[in-house]
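The values are calculated or read from the model by the stated rules, or taken from the named source; none is laboratory data. Since we're looking at a predicted model, the values are computed, not measured. Cβ: placed from backbone, ideal geometry, glycine included. Neighbour counts: every protein chain shown. These accessible areas exclude ligands, DNA and RNA; they are computed on the full protein's heavy atoms, side chains included. Shrake-Rupley method; radii C 1.70, N 1.55, O 1.52, S 1.80 Å.
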Amino acid sequence: MSVPQLTISDLAKQLQEQKTTAMAVTRQSIERINSTDGQLNAFVTRCDDAAFKEAAAADVQLRAGSAGPLTGIPLGLKDIFSTKGVRTTCGSKILDNYVPVYDATVVERLRKQGAVIIGKLNMDEFAMGSSNETSSAGVCRNPWDRNHVPGGSSGGSAVAVAAGQVAAALGTDTGGSIRQPAAHCGVVGLKPTYGRVSRYGVIAYASSLDQVGPITRNVEDCALLLAAIAGYDPRDSTSVDRPVPDYQASLNEGVAGKKIGLPREYFIDGLDPEVKRAVDAAMEVYRGLGAELVPVSLPHTDYSVACYYLIATAEASSNLARYDGVRFGVRHAGAGGLIDMYQQTRSAGFGDEVKRRIMLGTYALSSGYYDAYYLKAQKVRTLIRQDFTRVFAQVDLLLTPVAPTAAFKIGEKTDDPLQMYLSDIFTIPANLAGTCAMSIPCGFDAAGLPIGLQLIGKPFGEGEMLQAARAFEQATDWHTRQPSL
Amino acid sequence: MKITEKDVAYVAGLARLALSPDELTDLTGKMDAMLGYVDKLNQLNTDGIVPTAHAVPMANAFRDDQVVASIGAAAALANAPLGVEDYFQVPRVIE
């Protein structure tokens, strides 16, 4: 038995049948990280000692027969989640020494359910990036080909799961940051509906778009982990007070009779032929399973990237104003007074991509430009949302590629931010519309790099979306492939 | 050009960023390209469209005004680069 082959559900079964112990599983996870992370760089901070203590506590629960499905399961967290007593950098030099004094709600929930937190995972600085190349902890590598990016911004989370370092991980998704790295690493990633999961204690990038979600090896685990973190939290005023359905109970209901929309704007010229072939094949799988595939249109798709990069940067410029060297983080004192200290701190602490986004956002919000840029983008956001509302009156789900290409090479797009931004074209609209979406493995290109299929569900339609993902997974074996490390 | 180095330097001041001359030149080029790209939004007529600030319909979130324990001064100051007694310490503001 080794961690790489094991899913949360397999591990939980073995733990509950006392065929193994949480200590043994934790040791395997840590040994796997020791033997593989030198090549991958998925981990920013390791919690070995704390993990063994948590495992020992989990074993007590397991022996007492009071364990749940996450008791003793080794999990990783993107380094954006506040973890009490554990350094949390958000991939930035400015938070290099930051040790939160409280846990994020999702972390608290996982701990209460007995999960073992193995460590904090690499990410683009402040979740700003599509390649994990902007991290202060250095680039993270794709386990399928280490010259390629893992995707971003939750690159470390996708890599740790794909490489079998942990059973599953949490990421965040503002414009595709869970789905795109999941697709590039051949694992499952889900962005819930805005408001479904608490963001209390999650370091903010763009508050009207950010959402927390699971990255797992299969759809069953994804349903399980989503159920573990979803639900209302009075400490997050944007979380929605609405019951969490039993995602696992409805998981195997299939897709017969479901209407799946194929938005024509997602099958464009820039789409890589190998990605198109894999997505076309996935459509055939769904036809074979009894779903009805319906051509639909989301006419404002082409405006999504422009809309997103105004709204997200504007919100980021405001959210990141808090990094001023006063209450937390690294301070760089200048020769001058307070303003000089702010400027020196922020200029030394933020990386180039973060500075670019703060600058664009500040410009879009500044006097004289607010209406032309920020307000205009918010109006276009309404048009994009209306596209989804209209289309979901006709169909149950949407099926699209996750990204126009498989994972690109490290360094390929770092000099051209706009090209990097355009790689998010298929994932951004779901964030702007606030709805749920997920990525599941649907094939490989000729170079052996994974390709992801995106399903987009109705707002709060995670259950129906997971059913469709599960049906595909049962009909295919893409999710069982593993990189050789 | 949508934006000049002078504009970028002004915005940097608003954002409390000190840019080197090289950074200023590089950023001006990249912001100009981005502003050129986002111009495509002007192809759309948005007269009378209500802006979206929040994707999920949501009213104000109220809760009971109950006193609960706070983290306390020591924890609040635990990450401060400089503190004195129960205060954050900053460079002199008023000469």
Checking the condition modelled with pLDDT of 95 or more, open to solvent by less than 10 Å² (accessible area, probe 1.4 Å) and basic (Lys, Arg), which residue from A:Lys93, A:Lys53, A:Lys78 passes? A:Lys78
Test result for A:Gly171, touching a helix residue (DSSP H, G or I) at 6+ places or on another chain (Cβ under 8 Å), touching a residue at least 24 places away in the same chain (Cβ under 8 Å) and surrounded by 24 or more Cβ atoms within 10 Å (Cβ to Cβ): yes
Which of the residues spanning the stretch A:193-215 are within 12 Å of another protein chain (Cβ to nearest Cβ) and charged (D, E, K, R)? A:Arg196, A:Asp210
Could you grab the pairs with beta carbons closer than 7 Å, sequence gap of 6+ or different chains, first residue in the stretch B:31-50 and closer than 15 Å to A:Leu422 by Cα and among the small types (Gly, Ala, Ser), second one part of a helix (DSSP H, G or I) and modelled with pLDDT under 95? B:Ala33/A:Leu418
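If we keep just the residues of the stretch A:371-387 that are hydrophobic (A, V, I, L, M, F, W, C) and open to solvent by less than 10 Å² (accessible area, probe 1.4 Å), which is farthest from the other protein chains (Cβ to nearest Cβ)?
Here is the first cut: in the stretch A:371-387, the residues hydrophobic (A, V, I, L, M, F, W, C) are A:372, A:375, A:377, A:380, A:383-384.
This time we only want the ones that are open to solvent by less than 10 Å² (accessible area, probe 1.4 Å), so: A:377, A:380, A:384.
On the way: A:Ala377: 6, A:Val380: 5, A:Ile384: 8 Å.
Here the residue is A:Ile384.
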Failed condition for A:Gly68, given (1) in a loop (DSSP other than H, G, I, E, B); (2) in contact with an Asp or Glu (Cβ under 7 Å, 6 or more places away or on another chain): (2)
If you check every pair at least six apart or on different chains, which have Cβ atoms under 7 Å apart with a residue in the stretch A:317-343 that is within 8 Å of chain B (Cβ to nearest Cβ) and in contact (Cβ under 8 Å) with a residue 60 or more places away in the chain first and a residue that is in a helix (DSSP H, G or I) and not hydroxyl-bearing (Ser, Thr, Tyr) second? A:Gly329/A:Ile94; A:Gly329/A:Leu95; A:Gly329/A:Gly349; A:Val330/A:Lys93; A:Val330/A:Ile94; A:Val330/A:Gly349
Residue tally, condition open to solvent by 20 Å² or more (accessible area, probe 1.4 Å), closer than 12 Å to A:Ser131 by Cα and more than 14 Å from chain B (Cβ to nearest Cβ), over the stretch A:388-435: 4
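If I filter the stretch B:1-43 down to residues being assigned to a loop (DSSP other than H, G, I, E, B) and within 9 Å of another protein chain (Cβ to nearest Cβ), which single residue comes out as most open to solvent (accessible area, probe 1.4 Å)? Before you say what the answer is, go through the steps one by one.
Residues of the stretch B:1-43 assigned to a loop (DSSP other than H, G, I, E, B): B:1-4, B:15-20.
Pick out the ones that are also within 9 Å of another protein chain (Cβ to nearest Cβ) and you get B:3, B:15-20.
Details: B:Ile3: 1, B:Ala15: 7, B:Arg16: 87, B:Leu17: 6, B:Ala18: 37, B:Leu19: 43, B:Ser20: 48 Å².
If we take residues in the stretch B:1-43 being assigned to a loop (DSSP other than H, G, I, E, B) and within 9 Å of another protein chain (Cβ to nearest Cβ), then B:Arg16 is most open to solvent (accessible area, probe 1.4 Å).
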Given (1) of a type in the set (A, V, I, L, M); (2) open to solvent by less than 10 Å² (accessible area, probe 1.4 Å); (3) in a helix (DSSP H, G or I), A:Met438 misses just (3)
Sort through A:Arg63, A:Arg87, A:Arg27 and tell me the only one that's open to solvent by 60 Å² or more (accessible area, probe 1.4 Å) and in contact with an Asp or Glu (Cβ under 9 Å, 6 or more places away or on another chain). A:Arg87
Taking B:Tyr10 and the conditions (1) under 18 Å from A:Gly361 (Cβ atoms); (2) touching a Ser or Thr at 6+ places or on another chain (Cβ under 7 Å), which numbered condition does it fall short on, given that it satisfies the others? (2)
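With respect to A:Gly368, determine if the residue is free of Cβ contacts under 8 Å to residues at least 60 places away in the same chain, more than 8 Å from chain B (Cβ to nearest Cβ) and open to solvent by less than 50 Å² (accessible area, probe 1.4 Å). Lay out the reasoning, then the answer.
Values: free of Cβ contacts under 8 Å to residues at least 60 places away in the same chain: yes; more than 8 Å from chain B (Cβ to nearest Cβ): yes; open to solvent by less than 50 Å² (accessible area, probe 1.4 Å): no.
No, not satisfied.
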Counting only residues that are at the interface with another protein chain (Cβ under 8 Å from one of its Cβ atoms) and assigned to a helix (DSSP H, G or I), which one in the stretch B:44-95 is surrounded by the most Cβ atoms within 10 Å (Cβ to Cβ)? B:Ala76
Do we have any residue at all in the stretch A:308-318 that's among the aliphatic types (A, V, I, L, M) and surrounded by fewer than 23 Cβ atoms within 10 Å (Cβ to Cβ)? no
Do we have A:Ala281 as among the small types (Gly, Ala, Ser), open to solvent by 30 Å² or more (accessible area, probe 1.4 Å) and more than 30 Å from A:Pro441 (Cβ to Cβ) here? no
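Every residue, every condition in (1) under 30 Å from A:Trp478 (Cα atoms); (2) modelled with pLDDT of 95 or more; (3) in the same structural domain as A:Leu209 (by TED's automatic domain parsing); (4) more than 28 Å from the chain's Cα centre (by Cα), yes or no:
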| residue | (1), (2), (3), (4) |
| --- | --- |
| A:Ala282 | yes, yes, no, no |
| A:Val285 | yes, yes, no, no |
| A:Ser317 | no, yes, no, no |
| A:Ala333 | no, no, no, yes |
| A:Gly351 | no, yes, no, no |
| A:Arg357 | no, yes, no, no |
Inspect the stretch A:216-226 for any residue being among the acidic types (Asp, Glu) and closer than 19 Å to A:Ala115 by Cα and give the result as yes or no. yes
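Kindly provide the set of residues from the stretch A:465-483 that are open to solvent by 60 Å² or more (accessible area, probe 1.4 Å) and in contact with a Phe, Trp or Tyr (Cβ under 9 Å, 6 or more places away or on another chain), ordered by number. Let's see the steps before the verdict.
Applying the first criterion (open to solvent by 60 Å² or more (accessible area, probe 1.4 Å)) to the stretch A:465-483 yields A:474, A:477-478, A:480-482.
Within the stretch A:465-483, A:Trp478, A:Arg481 meet the criteria.
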